[in-house]
Each structure stands twice: as C-alpha cells, then as structure tokens.
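A short write-up of the structure that comes next.
Computed from the coordinates by the stated procedures, all read-outs in this text should not be read as laboratory data. In this text the structure is predicted, and so the values were computed from the model without any measurement. Cβ atoms come from the backbone with ideal geometry, glycine included; neighbour counts cover every protein chain shown.
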Amino acid sequence: MNPEEAQQIRLLKWLDGRLSNPEGKVVERELRESPEARAALRRLAEEAVMLADVERIAVARRVEDPWPHVTRQPTPYGRWAAAAFLLLGLLGAGVGILRLREGRREVARVVRVTGASGVFGARGSLEQPLPAGIRLRSGDMIETRSCDSWVELELRDGSRLTVAGHSLLRLLEPLAGSGRASLVRGTLWYRPASNQASSTWVVETPAARVESGRAQFDVQASANQTLLRVNSGEARITHRLASLPVVVSNGFQASLDLAGRTPTRAEPQPAHVGHWRCDLDAGTSVILGRWLPSGAGERVRLGAQPLLWPLPDAPPLMLHAVSVSALQTVGIPVELRTGARVRFQGRTSRSSSVRFGFSTQRMQGVFSGKFEVDVPSGDLGRVGDAWTVDLPLAEFHPLHPELSESPVGLELGDIYALTVNLDAGLEVHCIEILEP
Amino acid sequence: MKLSEDIILQTLLEARTRLSAAIWLVVRDTHGAEDIFQETTLKAMRGSATFESEAALLSWAFITARRQGIDWLRKHQRESVGLGEGVLELLDREWQTDAPASGPRLDALAECLEQQPDAARELIRLRYHDGFGCDAVAARIGIGLEAVYQRLSRAHRSLRLCVEGKLANVREDLP
C-alpha cells in the first residue's frame, strides 16, 4: 500500500468514526500541520458530494423517462446539461424555491383495482371509482373504501405498491431521488422492481417513517401505531420524534407506538399459528364497525358500519360491514391451513344473506387476494337469533384467482362480514379460525 | 456596493461543491449537506445581511453553513467527527481561495463513474448517496469492513485519475 492510499484509508476510517482516540488525534495533528493532508481531505469531501450528485442526477433522469421505463442499461450521463438540470432545480422559480422541482410529476400508474375506491386529485378533482390505467401525480390521494377493495400501483421505477382495503394513501413529491408516499391509515405492500433499478422508497405514517431500497415489505398504519415487516432485503423505520432509524432485516419486524417511550427494536417475525380466536376485546384492531351495548347473551357486539361502494356508470351500493385486522389484533401471523374452517358468531335483525370474506398475503410475502362466500339468510337460522356459521376454507371463492386460487398456505389479513344494500342489523360477536 | 441577488446566487452556485463538501465534513451526510447548502443560499438571498464583495459572501456562507451543520447534528442526534475549530477554519479558508470545481469536472466524474465496475458503483452509491456507514456497506455487500475501506480508496483514486485524464484531454482539445 503506497503512502497516498494509506493516508486516504486513514481519512476514510476517521470520517467513518472508526479510529481510536489516539489514532484520531494523529489525523487531527496531521490536518492541522500539513496542507497536503488538508488538500487530501478536501478532495475526498468534494468527491463525496459530487458522487452523490451524480447518483441524484441519474435517479432524476430515470424518473423523467416515459412509461415504460424500467431498464438499467448504462446510458451516458449527460453533459453539463445534466448538472444544469440539478442547478435549474436549485434556481427554482426566480429567487424562491431552491428545491428540485418541476411541477407535479406522474409518480405512479394504477394497474389493478378491485372494490370501492377513489382518487382525490391534488387539484380538487375526484375520480370515483378509481379507474385502472389512470396515472397519478404527486399530491393525489387514493382511498380504498371498502374492506374488500384493493389497488395495485406501478411506480416509476417499476416497483409495485398494493394498497389494502380501507386505506388512505397520498403520493408525495419525490425528494432527493426517493419516491414518497404518506400512508394515513391502512396497509400497503411494497415489492421492488426485479430489474434492480428500484430507487429508495419512503413511506410516511402518522407515527413513523419507513425507508427502503430494494426490500420487499409491508406496513400497517393507524393514527398511533405502525408495524413494519420486512420479507426480503432491509428497510429502516424511524419514530416521528427520533432521529436514529432502526434497521429491519429480512424476516424481522418492528412495531412502533407514537406514544412509546422505549426505543423500537427489530424483532424476528413471530412464527405463524393456525388457530386464532377474536373475542372482540379491547385489543382488537377494528377496521370497520361500531360498538353496541352488550346484550343478554353477548358481552361484546360489533355492529356493521355503513359505507358507500361507488360503481362506474351506476348508482353506488351501500355496504354495511364489520372488519377486523387479524395481524394487528393478535400480533402473530395466522396461517390458513388445509382443512381449516372460519367461524363467525353474530346476529342479523332483518332477513338478509351475509357475505363473509378475508384478505390474504403470502407468508412473508405480498398481497395475495381476497376470498369471499355468501351465506343465504335461511342458513343463518331465525332472524334475530344469534347464529354461528362454520365455513370451510374450500367454500371461499377467490376474487382474483390470478393471485391465488386457494387461501390454503396464505396468511390471514383482514377478515370481514357485510351485507349489501340492506341494513340487516348485522353484528358480530366472535371470529375464529379453527384448525382441522 | 451591495451584491445583487443574481450575483449572490451565481457565486454560491459556483461554490456549491466546495461549500457542500465543507458541510459534508461536519454532517457526513450528502443529503443533509445539500439541504444545508440550500438553506444557506436562501438565507443569503432573503436574509438581512448584505455583502459588499463575493469574498465576504463566501466567508459568511462557510461560517453560516458550518453552524447549520452543527445544528443539524444536534437535531439528528449524531456525533461530530470531532474536527477542531482551528482545522475547520483552515479548511474553509483554503476552500474559499480554491478554484471552483467546474461543470466539466462533474461531467467527467459522471462519465468516469459509468466506467467503474458495477461493484465499485454500488459501493459508492451506498456510501455517498444512500449515506450508509462503512460497516453497513460491508454487511450489505457481504465483504469485510477493511475491504470496504480499501475498495473505496481505490475507487476514489481510479476516479481521480480518470477525471484528470478527461479534463486534460478537454484542455488539449480547446482551440
């Protein structure tokens, strides 16, 4: 190793905080006394910021490519014009804005929609229902309104973002080469592009900031809590009031409470279970429903909540639904196993068929569709009496068989019961997944 | 004579690499350095201070940016690299009298970076763009920490030689 290389490695270690105290003092003395050492440090620092600039320009150029856009073929970097692109961004509008900006960009394209959903345009427009194929710009906000809806987005770098039912997601202006979105509530799955061209993605939630490059992860967010699960790669999560992120690796998760005082730690994702019983107690994560006074036979009653399901070229449907998040309730993934049954206990005060359903994702993977079954009113017994329905998994139909034809082997997401149009006074008292 | 906003902006943009590098030495985060550079520029253009000369502006900018860098460290609860005030002032002074890193230099660096092997590019991206410490870089690409320092050092050297070669060619090509 020549002296120049030795000096540079010493500086790199020093900048990285890796030198011992005595070694650091030697470097400092050298810098104080030697103009050559200072020149080497200045050169290193200049190269660091210029190299970051070059990467930023490369990311900005990738973002500017038209659809479809996902290749990582080396293209010659621009001449000074490319740098001027950054500088023009810096110049902003007149003397004002020193940020890289160029109006609202197209940041995503809707590739698949199911169920009730809408998009609130940043400039006040409203598209309801959300049409597949529509291009979304920063500032646009997607709402998946019903428990059986979901939306899949293709991001500019080819990554996919799936938004689960009853979620609210706002797309934000990319910053420093990172795509950004604010998950106000609900669940999303992020899957990076397979061509290794994914840029960094940031998901802001009310409680945390999640940052990821080429990780596959899912985030569940409410007003106070955020759960990040990483299934491949590595992501970082930072509490809103903290500055140091927690690194969450493949197979790990981090749960974060807005009011939590203790630092978040990444923990191995718990082993999945095959049995789950939800008595709708205080720890239940209710997505849709309203609590009813306890009755003669039932300690807890969760009543259906009305919500509109907009339809294209037709009046919207009114749903009355109860929905619960399995993972957020139990904190452990629930696996739907061969021969398992889904048991609902509840009541209807008017004669109506009831639709039962659940969403799934692959174990440590991405969204894998919803499954539903309609139970006629006659099978629920006498109107007004409490009923128990035991539904084998095989009776549930896939809403999107292209994702998965069977729920067996998948992880349970949200689970729901609803009536369509008629308010049948649906209430749920207990939900259970029974192992064979 | 008071510098106009146009001249302030032009002067600070010309000094951008040097100023950002000085900030980076304090915060060791390229995105943080970029933010502070922008804040400093805004402050220079909108603030109450007036500048009689470009040298006065640069002197003010280096001091202001350094202070903002220290605030940034506090806000992000990060440790300072521990450079004494005296050394920082020496570095700033030398930066202020230095020739600016020109556009062609950045252009040449971009071209040289393209010619680097993928592994070297990845290393540089992780360290300087994504802002990972060398231990995190080592873990990500599956090599030892010492190897990261060595490869990073070689990448810097290789890029430097490449850039100097390209700039020399540009000078020879001039009419």
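Among rounded, prolate and oblate, which fits the range A:106-268 when a ≥ b ≥ c are the square roots of the eigenvalues of its C-alpha gyration tensor, a/c under 1.5 means rounded, and a/b larger than b/c means prolate? Intermediate values should be presented prior to the final figure.
Details: a/c = 1.78, a/b = 1.46, b/c = 1.22.
It comes out prolate by the Cα gyration axes.
Going by a ≥ b ≥ c, the root eigenvalues of the Cα gyration tensor, does chain B fall in the rounded group (a/c under 1.5), the prolate group (a/b larger than b/c) or the oblate group? Kindly include the intermediate steps, with their values, before the conclusion.
Working: a/c = 2.36, a/b = 1.30, b/c = 1.82.
Here chain B falls in the oblate category.
Straight distance only, please: which aspartates and glutamates reach the Cα of B:Lys166 with their own Cα at less than 14 Å, same-chain residues fewer than 8 apart left out?
Candidates past the 8-residue exclusion: B:Asp107, B:Glu111, B:Glu114.
By count of other Cβ within 10 Å, fewest leading, how are A:Val354, A:Val389, A:Val119, A:Val408 ordered? Provide the component values of the computation, followed by the final result.
Numbers: A:Val354 26, A:Val389 18, A:Val119 23, A:Val408 15.
Arranged by neighbour count, lowest to highest, A:Val354, A:Val389, A:Val119, A:Val408 become A:Val408, A:Val389, A:Val119, A:Val354.
Check chain B for me: any Cys whose beta-carbon has no other cysteine beta-carbon within less than 4.7 Å?
B:Cys134
Loop-only GluC sites (Glu not before Pro) in the range A:365-436, please: DSSP not H, G, I, E or B, and at most 16 other Cβ atoms within 10 Å. Please list the in-between numbers first.
Working: sites: A:Glu372, A:Glu395, A:Glu402, A:Glu405, A:Glu411, A:Glu427, A:Glu432; in loops: A:Glu402, A:Glu405.
Passing sites in the range A:365-436 are A:Glu402, A:Glu405.
List the longest stretch of chain B that has no exposed loop site; here a site is one of the GluC sites (Glu not before Pro) assigned by DSSP to anything other than H, G, I, E or B, with at most 13 other Cβ within 10 Å.
Numbers: sites that count: B:Glu52, B:Glu79.
Longest gap between qualifying sites, sites excluded: B:80-175.
At 10 °C and a viscosity of 1.306 mPa s, what translational diffusion coefficient does Stokes-Einstein give for the range A:276-434, taking Rh as the Kirkwood radius over Cα pairs? Give it in µm²/s as a whole number.
Working: Rh = 15.9 Å.
Roughly 100 µm²/s, to the nearest whole number.
Give a quick list of trypsin sites (Lys or Arg not before Pro) in the range A:223-252 that DSSP marks as loop, anything other than H, G, I, E or B, with at most 16 other Cβ atoms within 10 Å.
Numbers: sites: A:Arg229, A:Arg236, A:Arg240; in loops: A:Arg240.
Those that pass, being in a loop and sparsely packed, are A:Arg240.
Near B:Lys75, which aspartates and glutamates are there with a Cα under 12 Å away, not counting those fewer than 8 places off in the same chain?
List returned: none.
Summing Lys, Arg as +1 and Asp, Glu as -1, what charge do residues with Cβ under 11 Å from the Cβ of A:Glu204 carry, A:Glu204 excluded? Please list the in-between numbers first.
Numbers: positive: A:Arg170, A:Arg180, A:Arg209, A:Arg240; negative: A:Glu211.
In short, +3.
Among A:Cys278, B:Cys162, B:Cys112, what is the fewest-to-most ranking by other Cβ atoms within 10 Å?
Numbers: A:Cys278 24, B:Cys162 17, B:Cys112 20.
Least to most surrounded, the residues fall as B:Cys162, B:Cys112, A:Cys278.
Fewest first, what order do B:Asp118, B:Asp107, A:Asp16 take by the number of other Cβ atoms within 10 Å?
Numbers: B:Asp118 10, B:Asp107 22, A:Asp16 19.
Fewest-to-most ranking of B:Asp118, B:Asp107, A:Asp16: B:Asp118, A:Asp16, B:Asp107.
Between B:Arg154 and A:Arg362, what is the label-point separation in nm under the 7 Å Cα-to-beta-carbon projection?
Using points 7 Å along Cα→Cβ, the separation is 3.7 nm.
How large are Rg and Dmax for the range B:100-173 when only the alpha carbon atoms are used, in Å?
Considering the range B:100-173 through its Cα atoms, Rg and Dmax are 13.8, 44 Å.
Please compute the Cα-Cα pair-distance distribution of the range A:327-413 with 5 Å bins starting at 0, giving whole percents from short to long.
3, 14, 23, 21, 16, 12, 8, 2, 0
Report D for the range B:5-79 in µm² per second (integer): Stokes-Einstein, Kirkwood Rh on Cα pairs, 25 °C, 0.890 mPa s.
On the way: Rh = 12.2 Å.
Translational D for this selection: 201 µm²/s.
In peptide A:35-47, how many Cβ atoms from other protein chains are near each Cβ within 10 Å, on average?
Working: counts 2, 0, 1, 6, 3, 1, 5, 9, 4, 7, 13, 11, 11.
Taking the mean over all residues of the peptide, I get 6.
How about the range B:1-76: which trypsin sites (Lys or Arg not before Pro) there lie in a loop by DSSP and see at most 12 other Cβ atoms within 10 Å? All intermediate terms of the calculation are to be shown ahead of the outcome.
Values: sites: B:Lys2, B:Arg16, B:Arg18, B:Arg28, B:Lys43, B:Arg46, B:Arg66, B:Arg67, B:Arg74, B:Lys75; in loops: B:Lys2, B:Arg28.
Taking the range B:1-76 and a limit of 12 other Cβ atoms within 10 Å, the loop trypsin sites (Lys or Arg not before Pro) found are B:Lys2.
Which lysines have a Cα lying under 17 Å from the Cα of A:Lys13, excluding residues fewer than 8 positions away in the same chain?
A:Lys25
A:Val408 to A:Ser377: extension gain in nm, 0.36 nm per residue of separation minus the Cα-Cα distance? Let's see the in-between values first.
Numbers: separation 31, 0.36 × 31 = 11.16 nm, distance 2.69 nm.
Contour length minus Cα-Cα distance gives 8.5 nm.
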